[in-house]
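Student: Here it is, the structure in full.
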Amino acid sequence: MKIAILGGTGDEGLGLAIRFALAGNEVIIGSRAADRAETAAQAVRDKVASARVSGTTNDVAVEQAELVMLSVPFAGLRATVSALAPKLAGKIVVSLVVPLQFGKGGPHAELVPEGSAAELTQQLAPEARVVGAFQNLSAHELLEPDHDLGCDVLVCADDRDARRSVMTLAETIKGVRAIDAGPLAYSRYVEDMTALLISLNRRYKTQTGIRISGIG
Ligand SMILES: NC(=O)c1ccc[n+]([C@@H]2O[C@H](COP(=O)([O-])OP(=O)(O)OC[C@H]3O[C@@H](n4cnc5c(N)ncnc54)[C@H](OP(=O)(O)O)[C@@H]3O)[C@@H](O)[C@H]2O)c1
C-alpha cells in the first residue's frame, strides 16, 4: 500500500510513518515544504533501515498515494483539505486530527460545527472515502518502533470497504487491535476522548490508550 502522510513532519505523522514502513508499506511524507519532508523521510530511514519512504510536498504526495492520512493540526485542516479536494476524490482519506484547545483547566475538545474533524473533512472533500482513526494513539509511543502499544484503534467510516482497509492497516502496528466503531459521525466521540487521555497522561505521568472490553 502506498500511503501519503500529510503533515508527516510532525511527531504523530512521523510515528505512523515509522510503523507503516516497518510493516512493509511504501510511505510518502507530505509537507508544505519539500525539504522538511525529505528530512522527515531520512528520520524514518534512521529508525527503519528497510523503509521505502520518500518526502515531497503535500499535493505531490496525494497524487502518488493510494491512501492519504491527514496529520495536520485542526487549525490547518480546512485549508489543507480544500486545496487538495479534487485530488482526494475516490481515495481513502484517514483523519487522525483532534480538535483540541489547551486552557487553564487542561486540554479540552474544541467544538466543531460539522460534528468532528473527520466529518468536516468529508464535507470539504465529498468524493473522498473518509475514515476517522488513530486519534487516540500517542506519538510518543509510535515513535519507538519496539514499543507494543497494547491498545485499540477505533475506526469510523460510512464507506464499509474503506473502514475494513484501515482496520487491516491499523493492525499492522505492534500491539494494536482495530475496532469497527461504525459510521463517520461516531468520530466525534473518538476525537473528544483524546483530551481526556492527554489529561490522564499528565496526571499519571504515563502514555495512555483506549482498550474496549467485551469484544472477543
Ligand atoms: N501528537 C500526538 O500525540 C497526537 C495524538 C493523536 C492525534 N494527534 C493529531 O495528529 C495530528 C498531528 O499531530 P502532531 O502532533 O504531529 O502535529 P504538529 O506537529 O503540530 O503538526 C504536524 C505537521 O502539520 C503541518 N502543519 C502545521 N501547521 C499547519 C497548518 N496551519 N496548515 C497545514 N499544515 C500545518 C506541519 O508540517 P509542515 O510545516 O512540514 O507542512 C507540522 O509538522 C493533529 O491533528 C493532532 O491533533 C496527535
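No lab work stands behind these numbers, since they all come straight from the coordinates. Fair warning: this is a prediction, and the values are worked out from it, not measured in the lab. Note that each Cβ is placed from the backbone with ideal geometry, even for glycine, and that neighbours are counted across all protein chains shown.
Student: Taking amide hydrogens as modeled 1.01 Å from N in the peptide plane, which residues meet the under 5 Å criterion relative to Gln207, leaving out close sequence neighbours?
Tutor: Amide H neighbours of Gln207: none.
Student: Rounded, prolate or oblate: which fits region 159-216, taking a ≥ b ≥ c as square roots of the Cα gyration tensor eigenvalues, rounded meaning a/c under 1.5, else prolate when a/b beats b/c?
Tutor: Numbers: a/c = 2.28, a/b = 1.58, b/c = 1.44.
Prolate, since a/c reaches 1.5 and a/b exceeds b/c.
Student: In addition: Which stretch or stretches of region 174-191 have amide N atoms under 12 Å from the point lying 7 Å from Glu127's Cα along the Cα→Cβ direction?
Tutor: none
Student: Going 7 Å from the Cα of Arg45 in the Cα-to-Cβ direction, what parts of region 54-89 have a backbone nitrogen less than 15 Å from that spot?
Tutor: What the label zone holds, given the 15 Å backbone N cut-off, is 54-56.
Student: Where the convex hull is taken over the Cα atoms of the chain, what is its projected area averaged over directions, in nm²? Display every interim value, and only then the final one.
Tutor: Values: hull surface 45.1 nm².
Hull-based average projected area comes out at 11.3 nm².
Student: Shape verdict for region 103-195, please, from the Cα gyration tensor: rounded (a/c under 1.5), prolate (a/b greater than b/c) or oblate.
Tutor: oblate
Student: Next question. Please list, in order along region 106-115, the HN-Hα scalar couplings obtained from phi with the Karplus expression 6.51 cos²θ - 1.76 cosθ + 1.60 (θ = phi - 60°), rounded to whole Hz, x for Gly and Pro.
Tutor: Calculated HN-Hα couplings, in order: x, x, 9, 6, 7, 5, 10, x, 6, x Hz.
Student: Output the antiparallel fraction of DSSP beta bridges having both residues in region 2-204, as a percent to the nearest 5. Spell out each step's value before the answer.
Tutor: Values: 6 of 34 bridges.
If I count the DSSP bridges inside region 2-204, around 20 percent turn out antiparallel.
Student: Now for a separate question. Measure out, as a whole number of angstrom, how far apart the alpha-carbon centroids of region 44-64 and region 147-216 sit.
Tutor: 24 Å
Student: How do Val93, Val60 line up, fewest other C-beta atoms within 10 Å first? Each step should come with its number before you reach the end.
Tutor: Values: Val93 29, Val60 17.
Ranking Val93, Val60 by Cβ neighbours within 10 Å, fewest first, gives Val60, Val93.
Student: For Val153, what residues show an amide H to amide H distance below 5 Å, using hydrogens built from the backbone and excluding near sequence neighbours?
Tutor: Long-range HN contacts for Val153: Arg177, Ala178, Ile179.
Student: Calculate one ³J(HN,Hα) per residue across region 207-216 by plugging θ = phi - 60° into the Karplus curve 6.51 cos²θ - 1.76 cosθ + 1.60, and present them in order as whole Hz with x for glycine and proline.
Tutor: 10, 9, x, 9, 9, 8, 8, x, 10, x
Student: May I ask you to sort Cys156, Cys151 by Cβ crowding, counting other Cβ atoms within 10 Å and putting the fewest first? List each step's numbers first, then the result.
Tutor: Working: Cys156 28, Cys151 20.
Fewest-to-most Cβ neighbours within 10 Å comes out as Cys151, Cys156.
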